[in-house]
1. Which FRET efficiency value, to the nearest 0.05, do you get for A:Asp145 and A:Asp84 by plugging their Cβ-Cβ distance into 1/(1 + (r/R0)^6) with R0 = 25 Å?
2. Pull out a ≥ b ≥ c, the square roots of the eigenvalues of the alpha-carbon gyration tensor of the stretch A:43-175, then state rounded if a/c is under 1.5, prolate if not and a/b is larger than b/c, and oblate in the remaining case.
3. Counting partner chain Cβ atoms within 10 Å of every residue's Cβ in B:99-108, what's the average?
4. Expressed in nm to one decimal, what extension gain is obtained for the pair A:Asn102 and A:Glu56 from 0.36 nm per residue of sequence separation less their Cα-Cα distance?
5. For the stretch B:109-169, what does the relative contact order come out to in percent, with C-alpha contacts under 8 Å and a separation of six or more?
6. Can you tell me how the stretch B:83-140 classifies by the Cα gyration tensor, rounded, prolate or oblate, using a/c under 1.5 as the rounded cut?
7. Count, for each residue of B:54-60, the Cβ atoms from other chains sitting within 10 Å of its Cβ, then give me the mean as a whole number.
8. From the protein chains alone at 1.4 Å, what is the descending order of accessible area for B:Ser126, A:Ser131, largest first?
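The values are calculated or read from the model by the stated rules, or taken from the named source; none is laboratory data. Bear in mind that the values here come from a model prediction, so they are computed numbers and not experimental data. Positions of Cβ are generated from backbone atoms using ideal geometry, with glycine treated the same way; all protein chains shown enter the neighbour counts. Remember, those area values only see protein heavy atoms, side chains included, never the ligands or the DNA or RNA. Shrake-Rupley method; radii C 1.70, N 1.55, O 1.52, S 1.80 Å.
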Number of protein chains: 2
Amino acid sequence: MGRITALLGAVLALSGVVACVALASGQGDAEAVPVFVDKIPPGYRDWKLITVAHEEGNLHSFAVVLGNDVAIKANREGKLPFPDGAIIAALHWRHVPSEENNKVFGRSQSFVAGTPTNVQFMVKDSKKYASTGGWGFGHFNGRDDKPAEKTLLQTCFPCHNAIKARDLVFSRYAP
Amino acid sequence: MGRITALLGAVLALSGVVACVALASGQGDAEAVPVFVDKIPPGYRDWKLITVAHEEGNLHSFAVVLGNDVAIKANREGKLPFPDGAIIAALHWRHVPSEENNKVFGRSQSFVAGTPTNVQFMVKDSKKYASTGGWGFGHFNGRDDKPAEKTLLQTCFPCHNAIKARDLVFSRYAP
């Protein structure tokens, strides 16, 4: 997969926290056989809050990052790397103005969650996902339960691998 | 309390979802004796997600809106008015650029939660808070457990009362 293609695909298709760029990771396609997250972890919409994010550029994307209990505990204890069993979910929506709120506030200042764009997951399993830093990556468009195409999923790891010191995780726990 | 003072105080001091403007509510200070939320509801940081919000203008504020189980159930069922016992929490941070993320993405596009600015609560109790539409309003600066000044708290209800059709609640559940 060409680096430019991967970069463009990632910047256009992904939104936010689990966004990607293509970087030299030292692992070519021939070496890495990534395994992806193909099922939505049940109950993720009930998980606890890690943080929020907002991506501009071409994305106009609003994100909430939630974690299962294992991920929340690791976040609160500030421990890295994340233990096996940790799952991080990034819920994305379009970042849109709220006419309803602006009317009350009397000024254009308010932005809210618009159409859901995708949900992305990072699942820590150091054996199963050994070829991608111990993390399995998942991407589900809209609120579908059908995983995204492999060409898109392949762009996740190279980008997350750029933040190795944080165990490949961009989001930081918000107090 | 002068209307202009209330408006300015609200726009400057509050951030986001539970922000206020002064409006003619039909209730002067002489008639209404508002009761405010003076204690932080325990465990709110573990509550489930209602939605996100972002206020620009003078605020540059990032919000996450969480709900206790009663509030989440009412949101998911789309039922209004909210039943007694519902509590909505709006956690606010400064909306700040993330140099860390931008470096990886190779462009200035990423905003994250900065310094915590305040936490606001709406507590539904139709008897206790009868003079303010059945909702008690609370505001705690930073992540302090000391309630904000009454002059600030008095600005909450007049603004929320402008969205009566939604039972005084601005936030809408994000799928």
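1. Once rounded, the FRET efficiency stands at 0.55.
2. On the way: a/c = 2.18, a/b = 1.65, b/c = 1.32.
Prolate, since a/c reaches 1.5 and a/b exceeds b/c.
3. On the way: counts 0, 4, 8, 1, 2, 10, 12, 4, 6, 2.
For this peptide, the per-residue mean of nearby foreign Cβ atoms is 5.
4. That pair, A:Asn102 and A:Glu56, stretches by 14.5 nm at full extension.
5. Working: 67 pairs, mean separation 15.1, N = 61.
Result for the stretch B:109-169 is 25 percent.
6. Prolate shape, in that a/c is at least 1.5 and a/b is the bigger ratio.
7. Values: counts 11, 8, 6, 6, 2, 3, 1.
Across the residues of B:54-60, the mean count of other-chain Cβ atoms within 10 Å is 5.
8. B:Ser126, A:Ser131
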